[in-house]
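Single-structure report; data block below.
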Amino acid sequence: MALTGLEIFKLLPKTNCKKCGMPTCLAFAMQLAQKRAKLEDCPEVSDEAKQMLAAAAAPPMCKVVFGRGDNQVEIGQETVMFRHEEKFYSPTVLAASASDKLTGEDLKKRIEAVNSLQFERVGTKIGVSAIAVVNDSGDANSFVSAAEAVKAASSLAMILVSDEPAAMEAAVGKVKDAVPLIASAKADTAAQMAKIAKENGCPVAAKAESIEAMSDLTEKIKAEGVEDIVLNLEGLSLRDKLYNLSRMRALSLKKVFRPLGYPTISFVTDGDASQQAAVAAALICKYSGIVVLDTVEPFAFLPILTVVMNIYTDPQKPVQVEPKVYPIGEPDENAPMMFTTNFSLTYYTVESDVEASRVPSYILVVDTEGTSVLTAYSGDKLNEKTVADAMAKHAVESLVKHRKLVIPGYVAVMSGKLEEATNWEIMVGPRESSMLPKYLQEVWK
Amino acid sequence: MPVPEIVESFTGSVNKVTLGATKDDGGTRTSKVTVGGARNVVYGGSGEETSEKPVIALDVIDTSPDDWPDVLSEPYKDVLNSPGDWAKKCVEELGADLICVKFDGIHPEKADKDESHGVKVTEEVLKAVGVPLVLWCCGNDEKDNQVMPKISEAAKGENCLIGTVTEDNYKSLTAVSLADNHHLITQAPLDINIAKQVNILVSDMGFPLERVVMFQATGALGYGIEYAYSIQERQRLAALTGDKIMAMPVICDVGYESWRVKEAKLTDVTGWGGVEDRGPMWEATTAICLLQAGADIIRMRHPKAVATVKNLIDQIWQ
């Protein structure tokens, strides 16, 4: 069972030597208790204390890494059931499959299609980060050639999917420097698959149909000397799967039940691309470390990649956009000029409404430390000075000929002072951004 | 190693709410809808502690919408000018559990229609379909206070879900829905403290909290859904730990929010997939995420998105 910070503190040297990077042993103990630090960071700790702490201090959920170089992916090490309690740490890895029934040009095309599932939204690159080679053929040679072809044509992290130890051994042998995830070991193949994983330094997925069978299986694999394990709960209805994923997460985080203290992988193969994406969205929210889909439709991946992006955002930190002038459409020197704050939610709402108006415009983003219009105004981060400074800094005078500034309706009260500070004519825009299209089309004219 | 027991028993639960009045209840609805009732977090504990099956309310706009992208208006092109036919299509062809009549047309900066229009549309939809209705205001306080009471009256005895009331504007609609025996939607701008405050305000006016459904405001996928998601999760936990003022079922406005965003409606983007699939997928994904955080009623728009979400709900809430 987990120890409290004070219990841990009693076992530490209490020298406050700072070598762990914390100011005091007590601070370090608190970090250990929250499972955000590792005991190894303390060089002075006694062997006896080490033994006592090791079991309790390890993160309740292991980290598992696979893939190579810049495309290495990392899952696990989650600490909470709900994102508002802290945050979710390791964004779900989304993967698409490539069947080993494909050969030659068909296989090449499929790999290319998986590789190209990369997008950019709100200034961030998001994309599929793994490719699953699936041994649908049941044939070891086909599996090996498909794995080799994938390794040659894709730098994405690789997941090798076969229940046959012989096929797996042959394929891993050829691509081991790509550090693939071996998927999966079952109760009857645990020893063989674990041996392949151990000899090649790859993580392995454990496949079982119940939580009880799963914990027996991971113990078996661990006994073979493999600690990088991913849980693959298979053969259940979606409903049972979601309940069991939640239960496994709770068992590992709240009960620190080590046999389930690993990240999870889910395969979604039923139905068309829309149905797969729908199921994937639920699995991302509910604790799947990896989700593998059997489709390469961009329309299915863009939304679920966005789910990962949003759900794994740190709830303590407001997401911000860069303070500058954003041209929407192709504005000219007569285009409207308006401002909003750099809280991303505020900005993107305004941006989408301006786009909807089809009136090419400039949006000046004022740095309000990631707060919304009203919050920034009440916190004095949005006032005539911050707006005037932003206007000067981003040279808005050079962008438009007119001298009219549209301001958010909620801060109409600052019109007078702003007019004095800038010598621009202040036009009070709507309070709700959704009224911007009408405002720009009718009032601005 | 034996798997340890993990039982989390909560003292509270989410209220169960039944909408719609049939002949026996003195109304004219032919079906009723019951939502809420969760006794655990989503997928927490045993399946018996889950909520009633979440339901979909399809939007019918009182006046033909002029800002819908083609991919969204196309499936409704024959009925956009007739709220009655529109509602009928939603129920008969698309399997809507509820119809949400959205009174955009009364907004002074839109079509600026008056109470007689509101009453006429309400009567038309009541006559066209037998499912319970959601009656949703335009968001302009003054105009809503003028028109919504008449709409409420026109649906008197039908046990509709009517809203929304906010911290700044709750008195008149709360009073009339109390008198007309409707359920009420309390709205807050993604702020859990204000959400609680609105519930206290309507409760102080004598409105029973058992007849309230909460609207926390909705962010679309990619545009703040994480705020709505976490607020819903926090509200559910508050309800389960016994906070009676936060124990209401939740409604989300997925249709409007997701069809505003560019990922749903841009037509000419390379590498994103066609808008005819992408748009509905954006709406469906937004809905599915919010279901994971405990949404009970979801307002939606596109037939394809509705089909995808219904399919998923059927798999999870058998």
Check the stretch B:213-228 and report whether any residue there is surrounded by 17 or more Cβ atoms within 10 Å (Cβ to Cβ), over 15 Å from the mean Cα position of the chain (by Cα), touching a residue at least 12 places away in the same chain (Cβ under 8 Å) and more than 9 Å from chain A (Cβ to nearest Cβ). no
Criterion first (more than 14 Å from chain B (Cβ to nearest Cβ), in contact (Cβ under 8 Å) with a residue 24 or more places away in the chain, closer than 19 Å to residue A:288 by Cα and among the hydrophobic types (A, V, I, L, M, F, W, C)) does residue A:161 satisfy it? yes
I'd like to check something: does the stretch A:344-366 contain any residue that is touching a Lys or Arg at 6+ places or on another chain (Cβ under 7 Å) and assigned to a strand (DSSP E or B)? yes
By residue number, the members of the stretch A:260-280 that are at the interface with chain B (Cβ under 9 Å from one of its Cβ atoms), more than 18 Å from residue A:134 (Cα to Cα) and not in a helix (DSSP H, G or I) are none
Of all residues in the stretch A:239-250, count the ones that are closer than 16 Å to residue A:289 by Cα and either among the hydroxyl-bearing types (Ser, Thr, Tyr) or at the interface with chain B (Cβ under 7 Å from one of its Cβ atoms) (or both). 5
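I need a count of the residues in the stretch B:24-42 that are closer than 28 Å to residue A:282 by Cβ and either modelled with pLDDT under 95 or of a type in the set (Gly, Ala, Ser) (or both). Talk me through it step by step, then tell me what you get.
First, pick out the residues of the stretch B:24-42 that are closer than 28 Å to residue A:282 by Cβ: B:31-42.
If we keep only those that are either modelled with pLDDT under 95 or of a type in the set (Gly, Ala, Ser) (or both) too, we end up with B:31, B:36-38.
So the count comes out to 4.
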What is the one condition in (1) away from chain A (no Cβ under 14 Å); (2) acidic (Asp, Glu); (3) under 17 Å from the mean Cα position of the chain (by Cα) that residue B:243 does not satisfy? (3)
Flagged pairs (Cβ under 8 angstrom, 6 or more apart or on separate chains; first in the stretch A:301-320, more than 7 Å from chain B (Cβ to nearest Cβ) and in contact (Cβ under 8 Å) with a residue 40 or more places away in the chain; second surrounded by 24 or more Cβ atoms within 10 Å (Cβ to Cβ) and among the hydroxyl-bearing types (Ser, Thr, Tyr)) are A:308/A:92; A:312/A:92
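Test residue B:64 against the stated conditions and say whether it is surrounded by fewer than 19 Cβ atoms within 10 Å (Cβ to Cβ) and in contact (Cβ under 8 Å) with a residue 12 or more places away in the chain.
Working: surrounded by fewer than 19 Cβ atoms within 10 Å (Cβ to Cβ): yes; in contact (Cβ under 8 Å) with a residue 12 or more places away in the chain: yes.
It is true that residue B:64 is surrounded by fewer than 19 Cβ atoms within 10 Å (Cβ to Cβ) and in contact (Cβ under 8 Å) with a residue 12 or more places away in the chain.
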Here's a check for you: in the stretch B:288-304, which residue that is more than 9 Å from chain A (Cβ to nearest Cβ) and part of a helix (DSSP H, G or I) is surrounded by the fewest Cβ atoms within 10 Å (Cβ to Cβ)? B:303
What number of residues in the stretch B:1-30 are in contact with a helix residue (DSSP H, G or I) (Cβ under 9 Å, 6 or more places away or on another chain), within 21 Å of residue B:132 (Cα to Cα) and either within 12 Å of chain A (Cβ to nearest Cβ) or of a type in the set (S, T, N, Q) (or both)? 3
I'm checking my understanding of the structure. Among residues of the stretch A:281-300 that are without any contact (Cβ under 8 Å) to a residue 40 or more places away in the chain and outside any loop (DSSP other than H, G, I, E, B), which one is farthest from the other protein chains (Cβ to nearest Cβ)? A:300
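Tell me the residue from A:362, A:439 that is aromatic (Phe, Trp, Tyr) and within 33 Å of the chain's Cα centre (by Cα), please. First the steps, then the outcome.
Working: A:439 fails: within 33 Å of the chain's Cα centre (by Cα).
A:362 is the lone residue from the list that is aromatic (Phe, Trp, Tyr) and within 33 Å of the chain's Cα centre (by Cα).
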Can you find a residue in the stretch B:51-69 that is touching a strand residue (DSSP E or B) at 6+ places or on another chain (Cβ under 6 Å), part of a strand (DSSP E or B), under 30 Å from residue B:12 (Cβ atoms) and of a type in the set (Gly, Ala, Ser)? yes
Among the residues of the stretch A:146-181, which ones are surrounded by 18 or more Cβ atoms within 10 Å (Cβ to Cβ) and among the polar types (S, T, N, Q)? A:154, A:162
Just for the stretch B:262-318: of the residues that are at pLDDT below 95 and β-branched (Val, Ile, Thr), which one is farthest from the chain's Cα centre (by Cα)? B:270
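A quick yes/no check of all residues on (1) charged (D, E, K, R); (2) not in a helix (DSSP H, G or I):
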{"position": "A:401", "(1), (2)": "yes, yes"}
{"position": "A:411", "(1), (2)": "no, no"}
{"position": "A:417", "(1), (2)": "yes, no"}
{"position": "A:426", "(1), (2)": "no, yes"}
{"position": "A:437", "(1), (2)": "no, no"}
Within the stretch B:269-287, restricting to residues that are at the interface with chain A (Cβ under 7 Å from one of its Cβ atoms) and in a helix (DSSP H, G or I), the one that is surrounded by the most Cβ atoms within 10 Å (Cβ to Cβ) is B:285
Could you tell me whether the stretch A:325-332 includes any residue that is at the interface with another protein chain (Cβ under 8 Å from one of its Cβ atoms) and small (Gly, Ala, Ser)? no
Residues of the stretch B:221-246 being of a type in the set (Ser, Thr, Tyr), out of contact with any Lys or Arg (no Cβ under 7 Å at 6 or more places or on another chain), modelled with pLDDT of 95 or more and in a helix (DSSP H, G or I), in sequence order, are B:229
Per-region count, the stretch B:5-23, residues at pLDDT 95 or above and either under 16 Å from residue B:50 (Cβ atoms) or not in a loop (DSSP other than H, G, I, E, B) (or both): 9
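How about the stretch B:99-213: which helices (runs of 4 or more DSSP H) wholly inside it have at least 2 residues that are touching a Gly at 6+ places or on another chain (Cβ under 8 Å) and within 23 Å of residue B:65 (Cα to Cα)?
Values: elements: B:115-128, B:141-154, B:171-179, B:192-204.
In the stretch B:99-213, B:115-128, B:141-154 are the helices (runs of 4 or more DSSP H) which contain 2 or more residues that are touching a Gly at 6+ places or on another chain (Cβ under 8 Å) and within 23 Å of residue B:65 (Cα to Cα).
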Is the stretch A:116-137 home to any residue that is within 28 Å of the chain's Cα centre (by Cα), more than 14 Å from chain B (Cβ to nearest Cβ), surrounded by fewer than 16 Cβ atoms within 10 Å (Cβ to Cβ) and of a type in the set (Lys, Arg)? no
Can you tell me which residue within the stretch A:351-376, out of those that are of a type in the set (Asp, Glu) and closer than 13 Å to residue A:318 by Cα, is nearest to the other protein chains (Cβ to nearest Cβ)? A:369
Taking the criterion of being more than 7 Å from chain A (Cβ to nearest Cβ), assigned to a loop (DSSP other than H, G, I, E, B) and either surrounded by 24 or more Cβ atoms within 10 Å (Cβ to Cβ) or touching a residue at least 24 places away in the same chain (Cβ under 8 Å) (or both), would at least one residue in the stretch B:251-266 satisfy it? yes
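Look through the stretch B:154-201, keep the residues that are more than 22 Å from residue B:102 (Cα to Cα) and in contact with a helix residue (DSSP H, G or I) (Cβ under 7 Å, 6 or more places away or on another chain), and return whichever of them is surrounded by the most Cβ atoms within 10 Å (Cβ to Cβ). Reasoning before the result, please.
If we filter the stretch B:154-201 for residues that are more than 22 Å from residue B:102 (Cα to Cα), which is where we start, we get B:191-194, B:196-197, B:199-201.
Filter once more, so that each one left must be in contact with a helix residue (DSSP H, G or I) (Cβ under 7 Å, 6 or more places away or on another chain): B:192, B:196, B:199-200.
Working: B:192: 17, B:196: 18, B:199: 24, B:200: 12.
Taking the candidates together, the pick is B:199.
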Condition test on residue A:230, is it among the β-branched types (Val, Ile, Thr) and either at pLDDT below 95 or not in a strand (DSSP E or B) (or both)? no
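The values are calculated or read from the model by the stated rules, or taken from the named source; none is laboratory data. Being a predicted model, the structure only gives us computed values, none of them experimental. A quick note on method: Cβ atoms are made from the backbone with ideal geometry, for glycine too, and the neighbour counts reach across all protein chains shown.
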